[in-house]
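See below for the structure under consideration.
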Amino acid sequence: MPHYTELNIGPVHPSIHGIFNFKLILNEEIIQDVKVTLGFLHRNAEKLSELNLYADNIIFFDRMNYIDAMNMELCYLMSVEKITGIEPPERAQWIRMIMVELNRLAARLVGMGSLGLDLGMLTPFFHAFKEREKIQRIFTEASGGRQEVNYFSIGGVYQDFTEKIINDIRNFIDQFKKNLEDMYNMFIHSEIFWQRNQGIGIIEPELAFDYGVTGPAIRASGIPYDVRKDAPYLFYDKVNFDIPISHQKDNFGRFMIKVEEMRQSIRIIEQSLDKINDGPFFNPQGKKSLMLRIKGNGEAFSRVESDAGEFGVYVKGDNTTKPYRVHARSPGLRNLSLLPVISKGLMIADFIAVVGGLDPVVGEVDR
Amino acid sequence: MYKIVSDEKDKVGMRVITVDKTDLIEAMTDFKNKGYYLTCLNGNDMKDHLEVIYFLHNFDTNDYFAVKTSTNDEHLPSLTKLFKVAEWDEREQYDLMGIIFDGHDDLRRIFLPDEWVGHPLRKDYDLKKVQYVNMDSEGNEHVSFDEKEGS
Amino acid sequence: MMKTGELGVKTTTLEKALEWGRSNSLWPLTMGLACCAIEMMAMQASDVDISRFGSEIFRNSPRQSDLMIVAGTTNKRMAPRVKRIYEEMPYPKYVIAMGVCVIQGGPYVDGYSVVMGVDKVIPVDVYVPGCPPTPQALTYGIITLQKKIRNETDR
């Protein structure tokens, strides 16, 4: 008769970034089962979106995946622009693409830093946040916001890119290439990091399909699925970039995918900066004075590749100024639902590493 | 054989087909055999009935489309036997929208405490009736309408 | 005190000395709940560097810390847990409410599941508004708290 122990982790725990509650059922130190409790950051964003104007709802999406705010805004606006019929001009699309990729870099930096913290490596955290701070400065220059930027608007962006912002981004990218490699070496030359990440949290492709897992987690299982390539939005079909895949299927593979995608993001930003054209940066139909009168009709579901995976927003309009229903497809929820399956038979310390590698952001899981 | 009631496109250009509630399991089994996986599901409160939209995706052909079905009595068959995604997504829709999925093994609330009254995403949910949550020393949550008994 | 090189002596009361020590060695508890948690991490990281003001040691256990920075939306399920963690902290203890969600509900004020301010649950010493506040704003909040501990008025 085996002896089982119950161990509570969370909601507030130093190694679980985000407020989840995990109840581990342990046999000695081997995990037999994990019970996940959610809802500690349920902020009724979907209900509030029904009570507010189309343009006002952008702030709730900013705060869903709060480290990857631009992607969240973009996805909501892609749906809203379809049902209101206000299409953004070409320059706005390029600006959005540069900002989205910059935010992806910032989000990955937070992910890298906190994965290091979870595994007891303090140094990469400081380097990652130093780089992230430079991205935040570019965001502040463009939008006035640091993290929850609220930069995109219906039919464009709030402010045009100036010469200074473009120069800032170029300068940032130039020095970031080297700093990223430095940071990567910090992880990769650490024997402990290898040993703690390899062979844990293995996700087989069939399991990933069944649980709806997307993003770096599915690409680490050898499936080259990326919304940017498979259903291109913005101008992702006009730039060259690669989708890295790994056949390791484990936590280490997911980390490698994330780093390689940062390099690809740099490629996308560089090409976009060369290709950005002059012209209007917003559609006059969506300007601020008309915001109260924007009406939407019909339903639309659009999806983007966010930091954690495929993020989708469903918006239904009933010909009024407020949405009838808004629903967000959260990639973090799917990644987390797989956790009880992949963490069977692991030690507690490995479990922490798996959660850090899956990198769920509680704001988007609970909404 | 299931019957497709209507076949249209949404504003993005995604195909949306409508099937009857009774045909749902049969249709989904068919799509599963064709290589489709459920990615997301979403409930709408249409005031006189509830409708649920299932988003399906085929990783081989890269085809993405939606299946719509509706119910008048809050009950729908559960898809947990076919797709594992449905386990948490159906719990979410039960929690916030109040759709009861028959055949789901573990249909509990996922975000709100178990004692919560009402389903907030319903159009007739009264936001003025504020509910307060409290926790006892054992970690059990209690919900009440009295401000003094919680926060 | 002038830096003359000589050994200086300053007379003070024991209370004042304790307050001085307390204010310059605040140990915050990591109570990152939502978006603001990232800005709290940024405050701790290299660019802003809170350790200049004597509170770089973020403790993970409530029993070792004396400052709780409630960073992020507190919803109705989380509020009793925040209260319980607060009760586990030893005296003297201080609370900083970071961000408008924690102050009065913020953008979620019309909803059903967010507490209208964490001060309904635990007493708050310093409020730092912003959504999220910048790391600099939070640093200012901590300095304000230090002044409050030393009984200095901010004039």
- request: Order by neighbour count: A:43, C:22, fewest other Cβ atoms within 10 Å first, most last.
  value: C:22, A:43
field: Proximal charge balance of residue C:120 [Cβ under 12 Å; K/R count +1, D/E count -1]
entry: +1
- prompt: What average count of beta carbons from other chains do you get within 10 Å of the Cβ of residues in B:107-116?
  reply: 4
task: For each pair in B:11/B:68; A:258/B:32; A:316/B:68; B:148/C:76; B:129/C:120, compute the distance between the two Cα atoms and list the pairs where it is over 23 Å.
output: A:258/B:32
- request: Hey, can you grab everything whose amide H is under 5 Å from the amide H of residue A:156? Only 5+ residues off in sequence or another chain; H modelled, so Pro and N-termini drop out.
  value: A:283
statement: Quick note on A:80, A:157, ordering by fewest other C-beta atoms within 10 Å, gives A:157, A:80
- request: Within a 10 angstrom radius of each residue's Cβ in B:36-44, how many Cβ atoms of other chains show up on average? Whole number is fine.
  value: 6
task: Run the numbers on chain B and let me know its relative contact order in percent, using alpha-carbon pairs under 8 Å that are six or more apart.
output: 16 percent
field: Protection-proxy order for peptides B:132-139, A:21-28, A:224-231, each taking the mean of Cβ atoms within 10 Å per residue, highest first
entry: A:224-231, A:21-28, B:132-139
query: When the convex hull of the Cα atoms of segment A:71-196 is projected onto a plane and the area is averaged over all directions, what value comes out in nm²?
result: 8.5 nm²
task: Write down the percent of antiparallel bridges among all DSSP beta bridges whose residues are both part of the protein assembly as shown, to the nearest 5.
output: 75 percent
- request: From zero up to wherever the largest Cα-Cα distance of the protein assembly as shown sits, split into 20 Å bins and tell me the percent of pairs in each.
  value: 18, 53, 26, 3, 0
statement: Farthest towards the positive end of the dipole of the protein assembly as shown, among C:69, C:142, C:33 and with Cβ unit charges of +1 on Lys and Arg and -1 on Asp and Glu, lies the Cα of C:142
Relative contact order (%) - chain C, alpha-carbon pairs under 8 angstrom, separation at least six: 24 percent
- prompt: For segment A:167-253, what relative contact order do you get, as a whole percent, if you take Cα pairs closer than 8 Å and at least 6 residues apart?
  reply: 33 percent
message: Can you tell me what share of the DSSP beta bridges in segment C:25-149 is antiparallel? A percent to the nearest 5 is fine.
response: 5 percent
- request: Quick one: what are the phi-derived ³J(HN,Hα) couplings along segment C:69-77, Karplus 6.51/-1.76/1.60 with θ = phi - 60°, whole Hz, x for glycine and proline?
  value: 9, 7, 10, x, 3, 9, 9, 5, 6
message: Please list 3J(HN,Hα) in residue order for segment A:318-327, calculated via the Karplus relation 6.51 cos²θ - 1.76 cosθ + 1.60 where θ = phi - 60°; whole Hz, with x for glycine and proline.
response: 10, 6, 10, 7, 10, x, 7, 7, 10, 9
query: Sorting A:183, A:347 on the 10 Å Cβ count, fewest up front, what's the list?
result: A:347, A:183
task: Take the cross-link list A:249/B:81; B:128/C:93; A:229/B:9; A:229/A:249 and give me the ones stretching past 29 Å between alpha-carbons.
output: B:128/C:93
query: What ranking do A:115-127, A:296-308, C:74-86, A:269-281 get when scored by the average of other Cβ atoms within 10 Å per residue, highest first?
result: A:296-308, C:74-86, A:115-127, A:269-281
field: 3J(HN,Hα) from dihedral phi, segment A:355-360, Karplus parametrisation 6.51/-1.76/1.60, rounded to Hz, x for glycine, proline
entry: 4, x, x, 6, 6, x
task: Report the semi-axes of the equivalent ellipsoid for chain A in whole Å, largest first, where each axis is √(5λ) for an eigenvalue λ of the Cα gyration tensor.
output: 35, 25, 17
message: Across segment C:5-155, what fraction of all alpha-carbon pairs, as a whole percent, falls in each successive 10 Å bin from zero upward?
response: 11, 40, 32, 11, 3, 1, 0
task: Please average, across the residues of C:112-124, the number of beta carbons from any other chain that are within 10 Å of each residue's own beta carbon, and give a whole number.
output: 4
- request: Return the single residue from B:67, B:117, B:19 with maximal mean-square fluctuation; model: Gaussian network over chain B, springs between Cα atoms under 10 Å.
  value: B:117
message: How many angstrom lie between the Cα centre of segment A:341-367 and the Cα centre of segment C:4-79?
response: 29 Å
Reachable aspartates and glutamates from residue A:130, criterion Cα separation under 16 angstrom, eight or more residues apart if same chain: A:168, A:174, A:181, A:182, C:39, C:47, C:49
statement: Shape descriptor, segment A:178-227: equivalent ellipsoid semi-axes (Cα gyration tensor, sqrt 5λ, whole Å, largest first) stand at 26, 15, 6
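The numbers here are math on the coordinates, done by the rules we state, and not lab data. Every value quoted in this text rests on a predicted model; they were computed, and no experiment measured them. Neighbour counts run over all protein chains shown; Cβ positions are idealised from the backbone, glycine included.
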